[in-house]
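Student: The structure's right below; bear with me while I get my questions together.
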Amino acid sequence: MTLIWGILNITPDSFSDGGRYTDPATAIAHAHELRAQGAAIIDVGGESTRPGSVRVDPAVEQARVVPIIEALTDAGIATSIDTLNASTAVAAVRAGTRIVNDVSGGLADERMLPAVAELDADIAIGHWRGPSDDMYARAQYARAAREVASELRDRVSAAAVAGIAPDRIIVDPGIGFAKTAEQNWEVLRGTDEIAALGHRVLIGTSRKRFLVDALGTAAPDEQPTIPRRDLATAVTSALAARAGAWAVRVHDVASTRDALAVVGAWDGA
Ligand code: PMM
């Protein structure tokens, strides 16, 4: 059964939920809600990676995430830490997190992989070609799924060289990171090539721009609203589950939980 990671962005500027959970009590309440809806892991982030976002001081990032992780750990809720910074990964694991989610796969901070090797933690390695502020300039592929798998393999090797055990590694094709809409679909279509790396596969499509492009507009003046993005997310998450994803990372846990339940019924699980 594919697991659900519920997103908790404690940032003023994430693209779909920026500013909603900057108050700790609100953030903790939202995590409990995501958990009750079926999230196995709450993915806590204190720095936005949205296109064009600017970097945050790691001290600011840690001040945002550490108290939340401590509170969720005390409440028995499993978390991951969505960060590019080794120092934040270390602080989060000390506060109780068991999974480091680095969308750059250790490329943004050269201390990340050696730091994780020292910790009692898993790592999700994302496919990444450079910082968010100019990542679309790097969206050049001849065969997107194959190149993403091959570049992920390089990062998995780097993690192994740093001393991270293979069964600690999760791979993520980084949907939306240095990829055009068509390239995102091509990578999703090639999920089996990512799974062939032999690690657990995590996929995050939630509310991303390429879904809006696929939906189009129903009426000339109709904007792609959050509920429409969440429906598209539930469908892509169900398809990712069929393609072998170990987990999907989403904002709206309830809709994806229902979609995964339908997949399970179809499969006779
Ligand atoms: N996408 C975002 C942030 N973190 N982590 C993983 N592992 N995979 C992703 O695709 C991913 C991520 C950007 O989305 P957000 O701003 O809505 O959190």
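Student: Condition first: within 15 Å of the ligand (Cβ to nearest atom), part of a helix (DSSP H, G or I) and open to solvent by less than 60 Å² (accessible area, probe 1.4 Å). Now tell me which residues in the range 178-200 satisfy that.
Tutor: Once the filter is applied, which keeps residues that are within 15 Å of the ligand (Cβ to nearest atom), part of a helix (DSSP H, G or I) and open to solvent by less than 60 Å² (accessible area, probe 1.4 Å), the range 178-200 yields Ala181, Gln183, Asn184, Val187, Leu188, Thr191, Ile194.
Student: Another question about this same structure. Across the range 203-241, what is the total count of residues that are modelled with pLDDT of 95 or more and among the small types (Gly, Ala, Ser)?
Tutor: 8
Student: Further question on the same structure: So which of Thr79, Thr88, Thr83 is under 28 Å from Val212 (Cα atoms), buried (at least 18 other Cβ atoms within 10 Å of the Cβ) and within 14 Å of the ligand (Cβ to nearest atom)? I'd like the intermediate steps shown before the answer.
Tutor: On the way: Thr79 fails: under 28 Å from Val212 (Cα atoms); Thr88 fails: under 28 Å from Val212 (Cα atoms).
Being under 28 Å from Val212 (Cα atoms), buried (at least 18 other Cβ atoms within 10 Å of the Cβ) and within 14 Å of the ligand (Cβ to nearest atom) holds for just one of Thr79, Thr88, Thr83, which is Thr83.
Student: While we're looking at this one, here's another question. Taking only the range 68-78 into account, find how many residues are in contact (Cβ under 8 Å) with a residue 40 or more places away in the chain and within 15 Å of Gly6 (Cα to Cα).
Tutor: Filtering the range 68-78 down to residues in contact (Cβ under 8 Å) with a residue 40 or more places away in the chain leaves 68, 71-72, 75, 77.
Filter once more, so that each one left must be within 15 Å of Gly6 (Cα to Cα): 68, 72, 77.
Residues in the range 68-78 being in contact (Cβ under 8 Å) with a residue 40 or more places away in the chain and within 15 Å of Gly6 (Cα to Cα): 3 in total.
Student: Of the conditions (1) surrounded by fewer than 21 Cβ atoms within 10 Å (Cβ to Cβ); (2) part of a helix (DSSP H, G or I), Ser237 clears all except one; give me its number.
Tutor: The one condition Ser237 does not meet is (1).
Student: Among the numbered criteria (1) of a type outside the set (Asp, Glu); (2) modelled with pLDDT of 95 or more; (3) within 25 Å of Thr2 (Cβ to Cβ); (4) within 14 Å of the ligand (Cβ to nearest atom), which single criterion is violated by Val65?
Tutor: (3)
Student: Condition first: surrounded by fewer than 22 Cβ atoms within 10 Å (Cβ to Cβ) and in a helix (DSSP H, G or I). Now tell me which residues in the range 136-145 satisfy that. Quick ask: steps written out before the conclusion?
Tutor: Filtering the range 136-145 down to residues surrounded by fewer than 22 Cβ atoms within 10 Å (Cβ to Cβ) leaves 136-143, 145.
Those that are surrounded by fewer than 22 Cβ atoms within 10 Å (Cβ to Cβ) and in a helix (DSSP H, G or I): Tyr136, Ala137, Arg138, Ala145.
Student: While we're here: How many residues, within the range 66-82, are in contact with a Gly (Cβ under 7 Å, 6 or more places away or on another chain) and under 20 Å from Trp128 (Cβ atoms)?
Tutor: Qualifying residue count, the range 66-82: 1.
Student: So which residues in the range 23-60 are open to solvent by less than 60 Å² (accessible area, probe 1.4 Å) and of a type in the set (Val, Ile, Thr)?
Tutor: Thr26, Ile28, Ile41, Ile42, Val44, Thr49, Val56 - these are the residues of the range 23-60 that are open to solvent by less than 60 Å² (accessible area, probe 1.4 Å) and of a type in the set (Val, Ile, Thr).
Student: Take Asp133 and tell me if it is among the acidic types (Asp, Glu), within 16 Å of the ligand (Cβ to nearest atom) and open to solvent by less than 50 Å² (accessible area, probe 1.4 Å). Please lay out each step first, then the result.
Tutor: On the way: among the acidic types (Asp, Glu): yes; within 16 Å of the ligand (Cβ to nearest atom): yes; open to solvent by less than 50 Å² (accessible area, probe 1.4 Å): no.
It is false that Asp133 is among the acidic types (Asp, Glu), within 16 Å of the ligand (Cβ to nearest atom) and open to solvent by less than 50 Å² (accessible area, probe 1.4 Å).
Student: Being open to solvent by less than 10 Å² (accessible area, probe 1.4 Å), free of Cβ contacts under 8 Å to residues at least 60 places away in the same chain and under 18 Å from Leu188 (Cβ atoms) is the filter here; which residues of the range 146-176 pass it?
Tutor: Val148, Ala149, Leu152, Val171, Pro173, Ile175
Okay, residues lined up against (1) more than 16 Å from the ligand (Cβ to nearest atom); (2) of a type in the set (Ser, Thr, Tyr); (3) more than 18 Å from the chain's Cα centre (by Cα):
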site	(1), (2), (3)
Leu202	no, no, no
Ser206	no, yes, no
Leu211	no, no, no
Glu222	yes, no, yes
Arg229	no, no, no
Ser237	no, yes, no
Ala240	no, no, no
Ala247	no, no, no
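The values are calculated or read from the model by the stated rules, or taken from the named source; none is laboratory data. None of these values were measured; they are calculated from a predicted model. Cβ coordinates were reconstructed from backbone atoms using ideal geometry, including for glycine residues, and neighbour counts include every protein chain displayed. All accessible areas refer to the heavy atoms of the entire protein, side chains included, with ligands and DNA or RNA removed. Shrake-Rupley method; radii C 1.70, N 1.55, O 1.52, S 1.80 Å.
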